[in-house]
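Peer 1: Please see the structure below; I have some questions.
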Amino acid sequence: MKKNKAAVTLLLTLALTGLLLFTAAVGWGTDGAGAAKDIKLGLDLAGGVSITYQAVGDEAPSAEDMADTIYKLQKRVEGYSTEAEVYQEGSDRINIEIPGVSDANSILTELGKPGSLEFQTMDGAVVLNGEDVADARAGSMTDSMNNREYVVELTLTNDGATKFAAATAANIGNKIAIVYDGEVISDPTVNEAIGGGQAQISGNFTYEEAEQLASTIRIGSLSLELQELRSNVVGAKLGQEAIATSLKAGAIGFGIVVLFMAAAYRVMGLAAGIALTSYVGLVLCLLNGFQMTLTLPGIAGIILSIGMAVDANVIIFARIREELATGKTVKSSMKIGFQKALSAIVDGNITTLIAALVLGIKGSGSVKGFAQTLALGIVVSMFTALVVTKLVLNAFYALGLQDVKWYGMVKERGQINFLGKKTVCFAVSLVIIAGGLILMGVNAGAGKGALAYSLEFQGGTSTTVEFKEDMSIERIDAEVIPVVADVVGDNDIQTQKVAGTNQVIIKTKELDLAGREALNAKLEETFGVDKGTITAENISGAISREVKNDAVISVIIATICMLLYIWVRFKDIRFATSAVAALLHDVLVVLAFYAAARVSVGNTFIACMLTIVGYSINATIVIFDRIRENLADMKRKDTLDNIVNGSITQTLTRSIYTSLTTFIMVAVLYVLGVASIKEFALPLMVGIVCGAYSSVCITGALWYLMKTKMVKTKKES
């Protein structure tokens, strides 16, 4: 690259980075509001609309009908936001909270429509409705030409199967339209009479189209007829202070990371700082462009992707320094360094991206929101590391920064015998995991619960209080919450303001009649409220059983997909099983921490665990990539244990630096954040430390044991 071209490249990169930040922070509108201010925020950060429905009918609805309706409504409101919450209130009410919406009337009619799915023949007769469909899923089949075709697989109820068999027998060669809310969403032709309650809808679908149709059919009919009871605009659960401190912490943490990279890697670190800054601008603009809803779980996804962006740069720079140490020129070292780093970066990011895609497709609620921000961050981080960093670094070189001193060389490090310490490491891990499981059992036996489940998981009591004046979130946190906590004997309390009124919704653990009366009396005594106007209802957990099941199934599927990818890429299932074992190790260690520290297990618990899964697998891939490379270059005199120890030693700087920079980001969030932010950041820090430990001390040793044990067994047989 010539000097003039290098100068133009550098100036353009800096200008585009500045433009991205300007667009995100300030914007081009007359109000001066940038893209970042237009990002949709979740209920925890910005509030939204709260709507309460009541089941219509003289008899109380069954628990099964309530659960089914809640799940279907959850799926419906995800069209407005992946972070919407649906939960039961009392015996016959359902409460829906949708972030980023201020006009309840625009969604009331659609959400409450009962019986909106029908199967109709060509003469308009209704042969099935939504209650006759037990399930609908996207699937695939092979046609007569051996081509894969995506279909929608229907499972009907017993009554539905009988009706459908009669309808298809009478309409062979004709169409039976599927009508949702008065609109035909599919009109397949009947090829034959269909019995047995199983049917397939084909039509040259892509997988996404098949899944969309299946999803619409699944949620097409509510089990209960609902009527609106009340609707309110509610404030943020965390308040402006939480947003302000999170932004401040993010800026400080990011600044520290950039300075650290510049100090550790000199010119290369400066290039990484520019690339990381462009990453921030791109992510903020794309979050707004794709209309993603940002919540605490979403912030976790961004933190993880920032860590992976730093990691990609560290891997590249380590490779460049290794080449410089062999006597190669700076230019040659940069070229080879990027080439050798590519496989580890691509494998690590694709493995995590696979998990994000599965979680986004199969997950619900906060799981889907986390997956979306993580997937976006991964794609952007790969681009900035492999393209922006390379452009800037080449420009610096062409502008005259060609001396080795500007880049530094890897310091010679004696090989560390990690395998020699494997027994101790395994023992420590087993003790921690076993201790955590035992503690969970003891807590459960003592009636405290295996974990400290929050309101989102176990539900509680929602109390609406009319104060004498409009109280700020900060004042509620400082004055009201301590009073409530003292009465109910628990610190897991959520509050929300009702816009345009002096009302505050206070959510606590479930209170009996005596507990409610005690709370009402204390509020009247302390704040002068009229306890006659206080209303209270028991509520279910905002994270329903179905959402929990979706999360578990999503993680299982994602883990299997990651295992298969690693198996194919590394051509050795032992790499895959070792990686998954280390992943499970990290999750169990953090679970042990939750049990011991009694950290609240709520919405952020799922995000924290998913972050650790992504972080763990990425850290492991880097070491396995080096083992794979060294095995290919291995000389006959080298032993397998030397290969493993050498590979871990060679990647040790990367492991330390990546963990340190990610830890810094979360630690600053913990130090500056409000109480709810701290509950989120603390276990995340434990997970980062655990991920670094397992990647260095556990994964390589596990692979070595499986490799040597399986080889010996094969020889003996």
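Peer 1: What does the accessible area per residue of region 591-683 come to in Å², with a 1.4 Å probe and no ligands, DNA or RNA counted?
Peer 2: Per-residue accessible area for region 591-683 comes out at 34 Å².
Peer 1: A follow-up question, please. Using a 4.7 Å Cβ cut-off, which Cys residues in the chain lack a partner cysteine?
Peer 2: Among the cysteines of the chain, those whose Cβ sits 4.7 Å or more from every other are CYS285, CYS561, CYS608, CYS690.
Peer 1: What stretch of the chain, leaving out the sites themselves, is the longest with no trypsin sites (Lys or Arg not before Pro) in a DSSP loop having at most 10 other Cβ atoms within 10 Å?
Peer 2: 3-410
Peer 1: Which Rg and Dmax, in Å, describe the Cα atoms of the chain?
Peer 2: Reported Rg and Dmax, both Å: 28.4, 86.
Peer 1: Another one. Would you mind classifying region 398-528 by shape? Square roots of the alpha carbon gyration tensor eigenvalues, ordered a ≥ b ≥ c; an a/c under 1.5 is rounded, otherwise it is prolate if a/b is larger than b/c and oblate if not.
Peer 2: The shape class here is oblate.
Peer 1: Another question, then. At 25 °C and a viscosity of 0.890 mPa s, what translational diffusion coefficient does Stokes-Einstein give for region 119-175, taking Rh as the Kirkwood radius over Cα pairs? Give it in µm²/s as a whole number.
Peer 2: Estimated diffusion coefficient is 191 µm²/s.
Peer 1: For each pair in LYS248/LYS411; LYS2/LYS405; LYS448/LYS468; LYS328/LYS390; LYS2/LYS335, compute the distance between the two Cα atoms and list the pairs where it is over 28 Å.
Peer 2: LYS248/LYS411; LYS448/LYS468
Peer 1: Moving to a separate point now. Can you work out the base-10 log of I(q)/I(0) for region 506-592 at q = 0.10, 0.14, 0.16, 0.20 1/Å, using the Debye formula on its C-alpha atoms alone?
Peer 2: For region 506-592 at q = 0.10, 0.14, 0.16, 0.20 Å⁻¹, log10 I(q)/I(0) is -0.54, -0.69, -0.77, -0.97.
Peer 1: Which percent of Cα-Cα pairs in region 553-672 sits in each 10 Å bin, short to long?
Peer 2: Distribution as computed: 11, 35, 33, 16, 4, 0 percent.
Peer 1: What's the angle, to the nearest 10 degrees (0 to 90), between helix 389-398's Cα axis and the longest principal axis of the chain?
Peer 2: With rounding to tens, the tilt is 30 degrees.
Peer 1: Over all directions, the average projected area of the alpha-carbon convex hull for region 455-529 comes to how many nm²?
Peer 2: The Cα convex hull of region 455-529, projected and averaged over all directions, gives 4.7 nm².
Peer 1: Loop sites only, by DSSP: take the GluC sites (Glu not before Pro) in the chain that have at most 10 other C-beta atoms within 10 Å and name the longest stretch containing none of them.
Peer 2: 470-717
Peer 1: Sticking with this one: Give me D for region 345-429 in µm² s⁻¹, whole number, from Stokes-Einstein with Rh from the Kirkwood sum over alpha-carbon pairs, 20 °C and 1.002 mPa s.
Peer 2: Translational D for this selection: 125 µm²/s.
Peer 1: Let me ask another. What do you get for Rg/Rh over region 381-470 if you use C-alpha atoms and the Kirkwood form of Rh?
Peer 2: Expressed as Rg/Rh, it is 1.34.
Peer 1: At a 1.4 Å probe radius, carbon and sulfur cover how many percent of the accessible area of region 521-634?
Peer 2: Whole-percent figure for carbon plus sulfur exposure: 64.
Peer 1: Another one. Suppose only helical runs count, i.e. DSSP H with n ≥ 4. What mean residue ellipticity at 222 nm does that imply for the chain under -39500 (n - 2.57) per run, divided by all residues and rounded to the nearest 500 deg cm²/dmol?
Peer 2: Helices in the chain give a 222 nm mean residue ellipticity of -20000 deg cm²/dmol.
Peer 1: Then there is this: Give a residue-ordered list of calculated ³J(HN,Hα) values for region 428-436 (Karplus: 6.51 cos²θ - 1.76 cosθ + 1.60, θ = phi - 60°; whole Hz; x for Gly, Pro).
Peer 2: Karplus values, whole Hz, x for Gly and Pro: 4, 4, 5, 5, 5, 5, 4, x, x.
The values are calculated or read from the model by the stated rules, or taken from the named source; none is laboratory data. These numbers come from a predicted model, not from an experiment. Reconstructed Cβ throughout: ideal geometry from the backbone, glycine too, with neighbour counts over all protein chains shown. Accessible surface areas use protein heavy atoms only, side chains included; no ligands, DNA or RNA. Shrake-Rupley method; radii C 1.70, N 1.55, O 1.52, S 1.80 Å.
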